[in-house]
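The values are calculated or read from the model by the stated rules, or taken from the named source; none is laboratory data. Note that the structure is predicted; figures quoted are calculated from it, not measured. When we count neighbours, we look across all protein chains shown, and the Cβ atoms used for this are built from the backbone with ideal geometry, even at glycine.
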Amino acid sequence: MGRKKLDAVDIAAQQRAREQVEVEQAFLKGVTTLRDLIAPSSLEIHSSYFRLGTKYGRTLYVYGYPRQIYTGWLSSLINIDEVLDVSMFIYPVESQVVLNNLRKKVTQMQATLSINSEKGLTRDPGLEAAINDAEELRDQIQVGAERFFRYGLYITLYADSLDELGFVQHKIETLFGQQMIFSKCASSQQEQGLNSSIPQMSDQLQIRRNMNTGAISTSFPFTSADLTQEDGVLYGINMHNNGLVIFDRFSLENANMVVFAKSGAGKSFTVKLEALRSMMTGSDVIIIDPENEYQKLAEAVGGSYIRLSLSSNIRINPFDLPRVIDTDEADNSLRANLITLHGLLKLMLGGTQITNSGSAVSSLAPSEEADLDQALIDTYARVGITSDPLTHGSKPPTIGDLYDTLLHMGGNGPQLAQRLRKYTTGTFAGIFSQQSNIDINNNMVVFNIRDLEDELRPVAMYIVLSHIWNIIRTEQKKRMLIVDEAWQLMKYDDSANFMYSMAKRARKYYLGLTTISQDVEDFMGSKMGRAIVANSSMQILLKQSSSAVDVLSDVFKLTEEEKKRLTNFPVGQGLFFAGQNHVHIQIEASETEKQLISTSPKDSTQTPRSGATSYINPESII
């Protein structure tokens, strides 16, 4: 009976053992299968390369460095448009061991220097520099300002063929060679090189270089071009690292921006996208639209769309004075407006144009300018407005009042009145010769000047800018002012000066001025145009004509590669400058945004019916 029980226990134990073996085998089989799934189909190791499945690879190591290296020296490698793995190994070394070795090394080098001197040999600048560096490093380590490390840098490249692999290797060696950094292929050690560059913390090559704390810190790898902030507007995709370009232009020293691009490159699309997104951050947007490109956007967000033409009933009086609260501003408001009117009237009477040689030619003689100045002062005085701020609330005069003043004064007055008559009772009468009847108290206001005659358009842009400037000075709030086709103003010295004055003073009034131009040569050919660029902390350069690239390269200090790309950018790509940084950017918009801001003819069939208005809350746009 006892024997049978013992046999039954043995059988049960054997059964459990068999089951356990089966479970272990099944588990191991599953692990093997998982490894097979994630592992390449094959791995071939050759003396100068390895083959990982269908990919070819090669590991390089860095063995030589210049005497000094600078922060960001690895950025060119990090940002290169190739597939590669970069591994760094950093080993701290005891300071006392380093000090002992340095003392011995300095003694040896000084002895060598003395022997060379006794033999009358030519001095060795390299040896003297090495002694100075060693002494300086020894002093820094002694006081604890520096530590010592052993540093290894390995790069593993991947390509689809051996020829492509050699091409990538040449690119990387060239990048390093430009900085006096030397690398080699890990000959007959490709397996160790691969193991050293995959993420398993195994330094099997063990090719290291001595470095102190400062040198190690310059090797920090995350130095790719980045323009991302916690707050701001999404401008697009950073083509260097596929990151987002999120930026707040009001965080810079000034919030001004210039946009240059040839026709059809996407400059208006870019600016409209920024305007739409800026409204979500609480900015008011004012736009001068010379080509009727912003109407759909204004209607979609419930903005005001003001169409200026000789047949419209819209009126803007250039003699309006700002209702400023600041005492100092109030004292100078009349004088500032008189200066603005001087520029406007010069423009109306022929303008001060810039010749090809860069000199300014005025349409008014000095005596005529003096008479015009007196006439302006008298015109304001006739309606009771003087330099006293308490009189500035009176109803302002109009160009018709100035015409009467000139007509009845001596000197050049009657002649100037005749030249001004087309704006009072002639062809261009009405639009700028009566009291203002517009109110731009809206989050987005667009002034359309497309239907104005070419001769009147620069005058209209000047008057509208002046009117906007008065409102900006009256109430300070976060605003963006967009001036499209600004080259039309830069052709005339007086209007160019006014634009420059706005760019220079915009920061004081919490204003960001956006200047858009496709005629780069005319804009940058003006001294004031270059000054406006210098006073703009942000710049966007989209695709350019070949003739404009050299001009922009001189202003923005572009590299040869950037110059080459600037003429070949596809629509919506360009260079984005913010302060001292710039990146290659791809402008991206959602489908909803595209429907609101696109002016492409192929999208015209999707626009609302004439007279229809779609109101969309900007906060709902994703």
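Those strands (runs of 3 or more DSSP E) of the stretch 40-105 in which at least 3 residues are of a type in the set (A, V, I, L, M), considering only elements entirely within it, cover 84-93. Out of all the residues in the stretch 94-111, which are touching a helix residue (DSSP H, G or I) at 6+ places or on another chain (Cβ under 9 Å) and surrounded by 14 or more Cβ atoms within 10 Å (Cβ to Cβ)? Passing the criteria: S95, V98, L99, L102, K105, V106, M109, Q110. Is at least one residue of the stretch 444-458 within 26 Å of M279 (Cα to Cα) and of a type in the set (F, W, Y)? Yes, because at least one residue in the stretch 444-458 is within 26 Å of M279 (Cα to Cα) and of a type in the set (F, W, Y).
Among the helices (runs of 4 or more DSSP H) confined to the stretch 169-280, the ones with at least 3 residues that are of a type in the set (S, T, N, Q) and assigned by TED's automatic domain parsing to the domain that holds G579 are located at 267-280.
Out of everything in the stretch 67-93 that is polar (S, T, N, Q) and surrounded by fewer than 13 Cβ atoms within 10 Å (Cβ to Cβ), what residue ends up being farthest from the chain's Cα centre (by Cα)? Among residues in the stretch 67-93 that are polar (S, T, N, Q) and surrounded by fewer than 13 Cβ atoms within 10 Å (Cβ to Cβ), the one farthest from the chain's Cα centre (by Cα) is Q68. Sub-6 Å Cβ pairs linking a first residue in the stretch 290-302 that is at positive phi and in the same structural domain as S263 (by TED's automatic domain parsing) to a second residue that is aromatic (F, W, Y) and at pLDDT below 85, at least 6 apart or interchain, are G302/Y615, ordered by first then second residue. Looking across the stretch 383-405, the residues that are crowded, with 17+ Cβ neighbours inside 10 Å and part of a loop (DSSP other than H, G, I, E, B) come down to I385, H392, P396, P397, T398.
Within the stretch 191-214, residues that are more than 15 Å from R58 (Cβ to Cβ) have Cβ atoms under 7 Å from residues that are in a helix (DSSP H, G or I) and at pLDDT 90 or above in these pairs: S202/N195; S202/S196; D203/S196; Q204/Q192; Q204/N195; Q204/S196, counting only partners at least 6 apart in sequence or on another chain. Residues that are out of contact with any strand residue (DSSP E or B) (no Cβ under 8 Å at 6 or more places or on another chain) and within 18 Å of H46 (Cβ to Cβ) are absent from the stretch 168-186.
Candidates in the stretch 281-313 are the residues that are aliphatic (A, V, I, L, M) and more than 12 Å from M444 (Cα to Cα); of these, the one that is surrounded by the most Cβ atoms within 10 Å (Cβ to Cβ) is L308. Yes or no: the stretch 436-443 includes at least one residue that is among the β-branched types (V, I, T) and in contact with a helix residue (DSSP H, G or I) (Cβ under 7 Å, 6 or more places away or on another chain). Checked against the condition, which is being among the β-branched types (V, I, T) and in contact with a helix residue (DSSP H, G or I) (Cβ under 7 Å, 6 or more places away or on another chain), the stretch 436-443 yields at least one hit. Inside the stretch 446-463, can you point out the residues that are surrounded by fewer than 21 Cβ atoms within 10 Å (Cβ to Cβ) and under 21 Å from M257 (Cβ atoms)? Residues satisfying the conditions do not exist here.
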